[in-house]
1. Do any residues in region 110-139 that are buried (at least 22 other Cβ atoms within 10 Å of the Cβ) have Cβ atoms under 7 Å from those of residues that are part of a helix (DSSP H, G or I), where the two are at least six apart or on different chains, and which pairs are they?
2. Of Lys352, Lys326, which residue is among the basic types (Lys, Arg) and more than 15 Å from the chain's Cα centre (by Cα)?
3. Restricted to region 201-231, and to residues that are under 25 Å from the mean Cα position of the chain (by Cα) and acidic (Asp, Glu), which residue is nearest to Asp249 (Cα to Cα)?
4. Could we say that Ile411 is at pLDDT 95 or above and touching a His at 6+ places or on another chain (Cβ under 9 Å) here?
5. So, in region 313-323, of the ones that are in contact (Cβ under 8 Å) with a residue 12 or more places away in the chain and assigned to a strand (DSSP E or B), which residue ends up surrounded by the most Cβ atoms within 10 Å (Cβ to Cβ)?
6. Is one or more of the residues making up region 379-386 surrounded by 18 or more Cβ atoms within 10 Å (Cβ to Cβ) and at pLDDT 95 or above?
7. Which of the following residues is in contact with a strand residue (DSSP E or B) (Cβ under 7 Å, 6 or more places away or on another chain) and of a type in the set (Ser, Thr, Tyr): Thr255, Thr235?
8. Is there any pair with a first residue in region 431-443 that is under 18 Å from Lys355 (Cα atoms) and a second that is among the small types (Gly, Ala, Ser) and crowded, with 16+ Cβ neighbours inside 10 Å whose Cβ atoms are under 6 Å apart and which are 6 or more apart or on different chains, and what are they?
Amino acid sequence: MLDRNLLMKCGRTARRMILRSMTAGALAALMLGTAASADVKTADNGNTRVITLVGDTDGGEEQDKEESLGLLSFFGNKDSSDTKDSDGTKDSDGTTCRSYLTGELVPVSIGRVRPIALMIENDKDAVSWQSGTSNASIIYEARVEGGITRLEALFEDYKDVEMIMPIRSCRPQFVYYSREFKAFYGHYGQVIYAVQLLQMPESYDMAGLPYGESGQSYTLNDASSAYSRDHSGVTGVYTNYEKLQRLIDSFGWDTSYPEDYDGHYQFAEDGKEVYLKDGKDALVVIPGFVSNHARFDYDEDTGLYLRSEFGDPQMDRLNGKQLAFKNILIQIGPSVMLDDHYLFTDPVNEGKAGKGWYITNGRAEPITWKKENWKKTDPILDTVTSIYYQFDIRDCDFNITRYYDSMGREITLNQGKTFVEIVREEDASKLVISDDPDIDTYAIDGM
């Protein structure tokens, strides 16, 4: 009999193929595992197998229950398209594929090459210098020190972008986000608490300042030649495809995704849209950062959310485009002060489920997020110690973060760009999702 734990270690594509080849009875037995006291009903509904658990199970661990629910997301209709291969990632002639970042059809030369994740300065002085950002497929925003936020932008199609700037320094949580996408990771500077993470070969670190400063002694991958200065000050450092690619080649890194990687998100099929009919209206989204008063306004004509901060549209200086996104993910998690200055928002949460929201097409629904297959019993590779806190590093910490609806099913994103807001639990009360397009962003200051 197939072992469920072994199955869950497989990639999603492999799981789909295995599960669809099984009988309904075998699927039921697999889902139940040791929960022998539960009753089961199975039914065939066209191409979809439905399994209903009736009555109480043995209680199991929470993780076992969620893994069983998670299996349901793989029993969907088989893809009937003539233009996709068995895993739905490439068309028949092999020249295009589904982007792992947007779900859109792109050339294989773009969609099967590891992306680059770059740290972008986001304080008030930096916004007018932000360049190339409209080419990012995914952007993360998280609060760092002093209440300010920093961005991490993931690019896969940026060959013709003249410059991406302003490149700024690393904070530890952003290394985790980059590694979930198997990305190369670029930054100009770093806090000491990120060094152990950056020194791991799997982080594919590209450090603009590769040596310790102010008495700190360490060495990182020297990627200083990948960065140039447009003007003085912290907003002046930029990079581009040519500079980054030259360094990647010199390091001898494999630019292809690992063979067992099958993507971070699951996306809607071509010609289909996700509408959150059970959610609530979301014409305005305010993630709750009082430092920049970030805001998204829904544009019904384009079906996109337009991003603003500091009271103005957030623009790409190179092309004059306002940043716009099809999907917004709100990921609420715990945070701690590492010392008197640096804030750390925990991206792992010890494998426990956290709360959040999925927002698209003018609607929002509550979700949960959780690291896939995280186990506390996995070996500890290293430990980061600060004045006030310490955290262990395990391989499973870098597993993909999955997002689930209220029924425990992995959510499906609409094709297009995604903005991920990392919100501290302490700031969740300032998060606003409103049906009023005229709501004042500054109202969060009094919350």
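1. From region 110-139, the pairs are Ile116/Leu244; Ala117/Ser178; Met119/Phe174; Ile120/Thr133.
2. Numbers: Lys326 fails: more than 15 Å from the chain's Cα centre (by Cα).
After applying the criteria, what remains is Lys352.
3. So the residue we want is Asp205.
4. Values: at pLDDT 95 or above: yes; touching a His at 6+ places or on another chain (Cβ under 9 Å): no.
In short, no.
5. Pass one, region 313-323, residues in contact (Cβ under 8 Å) with a residue 12 or more places away in the chain: 314-319, 321-323.
The next check asks that each one be assigned to a strand (DSSP E or B); those that pass are 315, 322.
Working: Met315: 19, Gln322: 16.
Step by step, filter region 313-323, then rank; the result is Met315.
6. Just the residues of region 379-386 that are surrounded by 18 or more Cβ atoms within 10 Å (Cβ to Cβ), to begin with: 384.
Then keep just the ones that are at pLDDT 95 or above; that gives 384.
Yes, some residue in region 379-386 is surrounded by 18 or more Cβ atoms within 10 Å (Cβ to Cβ) and at pLDDT 95 or above.
7. Working: Thr235 fails: in contact with a strand residue (DSSP E or B) (Cβ under 7 Å, 6 or more places away or on another chain).
Result: Thr255 is the single residue among Thr255, Thr235 that is in contact with a strand residue (DSSP E or B) (Cβ under 7 Å, 6 or more places away or on another chain) and of a type in the set (Ser, Thr, Tyr).
8. Close Cβ pairs (under 6 Å, with a partner that is among the small types (Gly, Ala, Ser) and crowded, with 16+ Cβ neighbours inside 10 Å) amount to Leu431/Gly288; Ile433/Ala282; Ile433/Ala364.
The values are calculated or read from the model by the stated rules, or taken from the named source; none is laboratory data. In this text the structure is predicted, and so the values were computed from the model without any measurement. A quick note on method: Cβ atoms are made from the backbone with ideal geometry, for glycine too, and the neighbour counts reach across all protein chains shown.
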